[in-house]
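*Asks:* Here's a structure for you.
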Amino acid sequence: MRVVIAEDSVLLREGLTRLLTDRGYEVAAGVGDGEALVKAVGELVVRGEAPDVVVADVRMPPTHTDEGVRAAVRLRAEHPAVGVLVLSQYVEEQYATELLAGSSRGVGYLLKDRVADVREFVEAVARVAAGGTALDPEVVAQLLGRSRKQDVLAGLTPREREVLALMAEGRTNSAIAGRLMISPGAVEKHVSSIFVKLGLSQSDADHRRVLAVLRYLDS
């Protein structure tokens, strides 16, 4: 699996590189700003060596505001097959919403503290590279919290909200069953009910898990 890392802290960038290479990933490039990220990915694509996933900090030079996430959004538009996993020091709803507003494939938003859990971080990188979703529980909680104020969740039961939060983190039905200590069959019933209440039809089958979260963001 080929990865590009964008992080202006050399220490953290080298640490992420070592962490991933030790687990068999190929780190094709490591850069320190958003423009360099876009350029590096473009060059790799031209050479036929497109990365499977990009891991990028939200805030990078020159202003240390939103350069990283803007580069990530641009990459998702120009190279939709490349997964994008954004790291942030804090939950920034505007950036998370902007990142999730496009295609529902291959996107992640994690807090940097999550990198300390190596197994969970590596699983998130792999999930995004494979076209899945990886959202930090804190991100999910804040985004869903905002949605509750808009009465988007009014029709969901408390248990369905719990299931939806875990779905948004990228958990499978079996993983949700284990976390909530209920049967996989019960999870399937809750998921089906969520789709119905959110108006997601069978034609959306391939992406309904992610669309369930995007429906809140678009409301």
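*Asks:* Select from region 190-208 the residues that are of a type outside the set (G, A, S), in a helix (DSSP H, G or I) and surrounded by 15 or more Cβ atoms within 10 Å (Cβ to Cβ) and write down the one among them that is modelled with the highest pLDDT. Quick ask: steps written out before the conclusion?
*Replies:* We begin by selecting, within region 190-208, every residue of a type outside the set (G, A, S); these are 190-191, 194-198, 200, 202, 204, 206-208.
So of that shortlist, the ones also in a helix (DSSP H, G or I) come out as 190-191, 194-197, 202, 204, 208.
Then keep just the ones that are surrounded by 15 or more Cβ atoms within 10 Å (Cβ to Cβ); that gives 190-191, 194-195, 197, 204, 208.
On the way: H190: 92, V191: 89, I194: 85, F195: 83, K197: 83, D204: 46, R208: 70.
The selected residue is H190.
*Asks:* Looking only at region 116-134, decide whether some residue is at pLDDT below 75, under 17 Å from the mean Cα position of the chain (by Cα), assigned to a helix (DSSP H, G or I) and surrounded by 15 or more Cβ atoms within 10 Å (Cβ to Cβ). Steps first, please.
*Replies:* Residues of region 116-134 that are at pLDDT below 75, as a first pass: none.
No, region 116-134 has no match at all.
*Asks:* Would you mind listing the helices (runs of 4 or more DSSP H) fully within region 6-115 where at least 1 residues are under 23 Å from A212 (Cβ atoms), modelled with pLDDT under 95 and not aromatic (F, W, Y)? Steps first, please.
*Replies:* Numbers: elements: 10-21, 34-46, 67-78, 93-100.
Here the list reads 67-78, 93-100.
*Asks:* Which condition does T21 not pass, out of (1) without any contact (Cβ under 8 Å) to a residue 24 or more places away in the chain; (2) in contact with a Lys or Arg (Cβ under 7 Å, 6 or more places away or on another chain), if it passes all the others?
*Replies:* All conditions are met except number (2).
*Asks:* In addition: Go through the residues of region 40-51 one by one and say whether even a single one is within 17 Å of the chain's Cα centre (by Cα) and not small (G, A, S). Lay out the reasoning, then the answer.
*Replies:* If we filter region 40-51 for residues that are within 17 Å of the chain's Cα centre (by Cα), which is where we start, we get 51.
If we keep only those that are not small (G, A, S) as well, we get 51.
Looking through region 40-51, at least one residue is within 17 Å of the chain's Cα centre (by Cα) and not small (G, A, S).
The values are calculated or read from the model by the stated rules, or taken from the named source; none is laboratory data. Because the structure is a prediction, the values reported are computed rather than measured. Ideal geometry is used to build each Cβ from the backbone, glycine not excepted, and the neighbour counts take in all protein chains shown.
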